[in-house]
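Chemist: First, the structure itself, so that you have it in front of you.
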Amino acid sequence: MPVKNDTYFRHLKPAEKDYKRSDSGGLFMLVTKTGSKLWRYGYNFDAKQKLLALGQYPLISLADARTKRDDAKRLLAEGIDPSIERKAERRDARIARSHTFEAVAKELMDKFKAEGDAPTTLKKKQWLLDFANKEFGKRPIAEIKAPEILDALRKIEKRGRHETATRVRSTVGAVFRYGIATGRAERDPAADLRGALITPTVTHRATIVEPDAVGALLRAIDGFEGNAAIRYALRLAPLFFVRPGELRKAEWAEFKLENAEWRIPAAKMKMRRPHRVPLAHQALSILRELQGITGGSKYLFPSVRSWHRPISDNTLNAALRRLGYDKTELTVHGLRSTASVLLNESGKWHADAIERQLAHQEQNEVRGAYIHAAEFWEERVRMMRWWADELDRLRDHGRVVKIRA
């Protein structure tokens, strides 16, 4: 039989039924009625006739198919079934893919999502992981060493993003620790990089705590002439001193005005715990006025562009700029510090009650569980009434009278 060449197989045409055309040594081409040309190798193993798929023509050329056939014959000579070996190779490749840094990181992100992390938190974590995935995401996690991670972090530092580099190192470390827990890594090389990165300068959120300055701010807010929803948000921000995201996304359904209470669901809270804000009579008065303006929206402070969305992240800080406060003087988030400092300086309130109203996370887990369980609700109700009265006094007189316990 003459030796067939590539031209012979290239010119084979489909027929009404599938058919075979042999090459040599058990190698043949299966031509299907749909026009596919598939390389197959027929062999015997343990007295059984078997077939091994070698790929599709022309992606696998005749020369390639013959090489694969010869490789299979070598395995047979060693007493190894080529089909079993192929399955083992595919299994190893599948395991290797699941052991890459990127694959382990994805599993960890799925875990965070299942645990109820907020969408914004998940987005930030994924953004940090993307820096790492770009550099070594396809590499087996167990093979990644500290110098390789450091090289990736140096690229971030060269762009002046020192804080981002530090956060990427921390997030990468979390992936390695998850890899250790799931048996795909033996250690966390990111931990070896402590002290290797440029320490970022800590910038605290701008705030004001001097009584006269607080009073001046409150009078400035009363004179704000912009959008009504923004004006009311500025008036309520110092009364509530919640985080800006919690304030701007506030929904009417969360407010129980008859009970003088705002119940913020866990999904909106940074610490993923539901939070309650007692409403002093000043807050209730403002809310009832606002309800006549934005009560038809889901949100207390709807966007001017869409009644179905809240105001944007930067809206309130931009309003403060219009009032003459630049970002080095005051941010909306800084009003939390204003409340914290003045409430603590008053000497009237238990520190744990203040921390609970700020919805801070206690670093000590046992103590944090105690604070969360204690709630201090009755004291917080009295404290928020006192705070609203104190803000009235600051607005009227620009000073605070410290009453020691």
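Chemist: Name the residues in the range 269-286 that are in a helix (DSSP H, G or I) and either modelled with pLDDT under 90 or exposed (fewer than 13 other Cβ atoms within 10 Å of the Cβ) (or both), would you?
Modeler: Residues of the range 269-286 in a helix (DSSP H, G or I): 281-286.
Scanning the range 269-286 gives His281, Ser285.
Chemist: Which residue pairs have Cβ atoms under 9 Å apart, sit 6 or more places apart or on different chains, and have a first residue in the range 178-197 that is more than 19 Å from Arg167 (Cα to Cα) and a second that is of a type in the set (Ser, Thr, Tyr)?
Modeler: Here the result reads Arg184/Ser98; Arg184/Tyr178; Ala185/Tyr178, each pair linking the range 178-197 to a residue that is of a type in the set (Ser, Thr, Tyr).
Chemist: Select from the range 262-273 the residues that are in contact (Cβ under 8 Å) with a residue 12 or more places away in the chain and over 17 Å from Gly295 (Cα atoms) and list them in ascending order. Break it down stepwise before answering.
Modeler: Filtering the range 262-273 down to residues in contact (Cβ under 8 Å) with a residue 12 or more places away in the chain leaves 262-264, 266-273.
Result: Arg263, Ile264, Ala266, Ala267, Lys268, Met269, Lys270, Met271, Arg272, Arg273.
Chemist: If a residue counts only when it is touching a Gly at 6+ places or on another chain (Cβ under 9 Å), which helices (runs of 4 or more DSSP H) contained entirely in the range 51-169 have at least 3 such residues? First the steps, then the outcome.
Modeler: Working: elements: 62-77, 82-98, 101-114, 119-136, 146-157.
Of the helices (runs of 4 or more DSSP H) lying wholly inside the range 51-169, those with at least 3 residues that are touching a Gly at 6+ places or on another chain (Cβ under 9 Å) span 62-77, 101-114, 119-136.
Chemist: Scan (1) surrounded by 15 or more Cβ atoms within 10 Å (Cβ to Cβ); (2) outside the structural domain of Arg393 (by TED's automatic domain parsing) for the single condition Glu186 breaks and write down its number.
Modeler: (1)
Chemist: Taking Lys138 and the conditions (1) in contact with a helix residue (DSSP H, G or I) (Cβ under 8 Å, 6 or more places away or on another chain); (2) basic (Lys, Arg); (3) farther than 19 Å from Arg184 by Cβ, which numbered condition does it fall short on, given that it satisfies the others?
Modeler: (3)
Chemist: I want to confirm something. Restricting to the range 165-197 and keeping residues that are under 20 Å from Lys106 (Cα atoms) and hydroxyl-bearing (Ser, Thr, Tyr), which single residue is nearest to the chain's Cα centre (by Cα)?
Modeler: For the range 165-197, the residue satisfying everything is Thr171.
Each row is one residue, and each column tells you yes or no for (1) in a loop (DSSP other than H, G, I, E, B); (2) aliphatic (A, V, I, L, M); (3) farther than 24 Å from Glu378 by Cα.
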position: Arg288; (1), (2), (3): no, no, no
position: Ile293; (1), (2), (3): no, yes, yes
position: Ser306; (1), (2), (3): yes, no, yes
position: Thr328; (1), (2), (3): yes, no, yes
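Chemist: Moving to a separate point now. For Val332, which of the numbered conditions (1) under 24 Å from the mean Cα position of the chain (by Cα); (2) more than 19 Å from Arg243 (Cβ to Cβ) fails to hold?
Modeler: Of the numbered conditions (1) under 24 Å from the mean Cα position of the chain (by Cα); (2) more than 19 Å from Arg243 (Cβ to Cβ), the odd one out for Val332 is (2).
Chemist: Within the range 149-169, does at least one residue satisfy the condition of being out of contact with any Phe, Trp or Tyr (no Cβ under 9 Å at 6 or more places or on another chain), in contact (Cβ under 8 Å) with a residue 24 or more places away in the chain, surrounded by 17 or more Cβ atoms within 10 Å (Cβ to Cβ) and of a type in the set (S, T, N, Q)?
Modeler: Yes, because at least one residue in the range 149-169 is out of contact with any Phe, Trp or Tyr (no Cβ under 9 Å at 6 or more places or on another chain), in contact (Cβ under 8 Å) with a residue 24 or more places away in the chain, surrounded by 17 or more Cβ atoms within 10 Å (Cβ to Cβ) and of a type in the set (S, T, N, Q).
Chemist: Still on this structure, I have one more. So which residues in the range 32-64 are in contact with an Asp or Glu (Cβ under 7 Å, 6 or more places away or on another chain) and hydrophobic (A, V, I, L, M, F, W, C)?
Modeler: Hits for the range 32-64 are Phe45, Leu62.
Chemist: Still on this structure, please answer the following. Please determine whether any residue of the range 248-265 is assigned by TED's automatic domain parsing to the domain that holds Glu345, within 25 Å of Glu163 (Cβ to Cβ), under 31 Å from the mean Cα position of the chain (by Cα) and buried (at least 17 other Cβ atoms within 10 Å of the Cβ).
Modeler: Filtering the range 248-265 down to residues assigned by TED's automatic domain parsing to the domain that holds Glu345 leaves 248-265.
Cutting the leftovers down to within 25 Å of Glu163 (Cβ to Cβ) gives us 248.
Restricting the remaining residues to those that are under 31 Å from the mean Cα position of the chain (by Cα) gives 248.
Narrowing further to those that are buried (at least 17 other Cβ atoms within 10 Å of the Cβ): 248.
Yes; the residues of the range 248-265 include at least one that is assigned by TED's automatic domain parsing to the domain that holds Glu345, within 25 Å of Glu163 (Cβ to Cβ), under 31 Å from the mean Cα position of the chain (by Cα) and buried (at least 17 other Cβ atoms within 10 Å of the Cβ).
Chemist: Test Tyr41 against the criterion of being aromatic (Phe, Trp, Tyr), surrounded by 13 or more Cβ atoms within 10 Å (Cβ to Cβ) and assigned to a strand (DSSP E or B), and give yes or no.
Modeler: Working: aromatic (Phe, Trp, Tyr): yes; surrounded by 13 or more Cβ atoms within 10 Å (Cβ to Cβ): yes; assigned to a strand (DSSP E or B): yes.
So Tyr41 passes the test.
Chemist: Name the one entry in Gly35, Gly26 that is in the same structural domain as Gly79 (by TED's automatic domain parsing) and touching a strand residue (DSSP E or B) at 6+ places or on another chain (Cβ under 6 Å).
Modeler: On inspection, the qualifying residue turns out to be Gly26.
Chemist: Can you tell me which residues in the range 211-226 are at pLDDT 90 or above and part of a loop (DSSP other than H, G, I, E, B)?
Modeler: Of everything in the range 211-226, those that are at pLDDT 90 or above and part of a loop (DSSP other than H, G, I, E, B) turn out to be Gly223, Phe224.
Chemist: Test of understanding: among Arg356, Arg336, Arg322, which residue is surrounded by fewer than 18 Cβ atoms within 10 Å (Cβ to Cβ), at pLDDT 90 or above and out of contact with any Pro (no Cβ under 7 Å at 6 or more places or on another chain)?
Modeler: Values: Arg356 fails: surrounded by fewer than 18 Cβ atoms within 10 Å (Cβ to Cβ); Arg336 fails: surrounded by fewer than 18 Cβ atoms within 10 Å (Cβ to Cβ).
One residue alone meets the criteria, Arg322.
Chemist: Within the range 374-387, which residues are under 36 Å from the mean Cα position of the chain (by Cα), hydrophobic (A, V, I, L, M, F, W, C) and part of a helix (DSSP H, G or I)? Please lay out each step first, then the result.
Modeler: Here is the first cut: in the range 374-387, the ones under 36 Å from the mean Cα position of the chain (by Cα) are 374-381, 383-384, 387.
With hydrophobic (A, V, I, L, M, F, W, C) added as a condition, the list becomes 374, 376-377, 381, 383-384, 387.
Across the range 374-387, the qualifying residues are Ala374, Trp377, Val381, Met383, Met384, Trp387.
The values are calculated or read from the model by the stated rules, or taken from the named source; none is laboratory data. Just so it is clear, the structure is predicted and the values come from calculations on it, not from any experiment. When we count neighbours, we look across all protein chains shown, and the Cβ atoms used for this are built from the backbone with ideal geometry, even at glycine.
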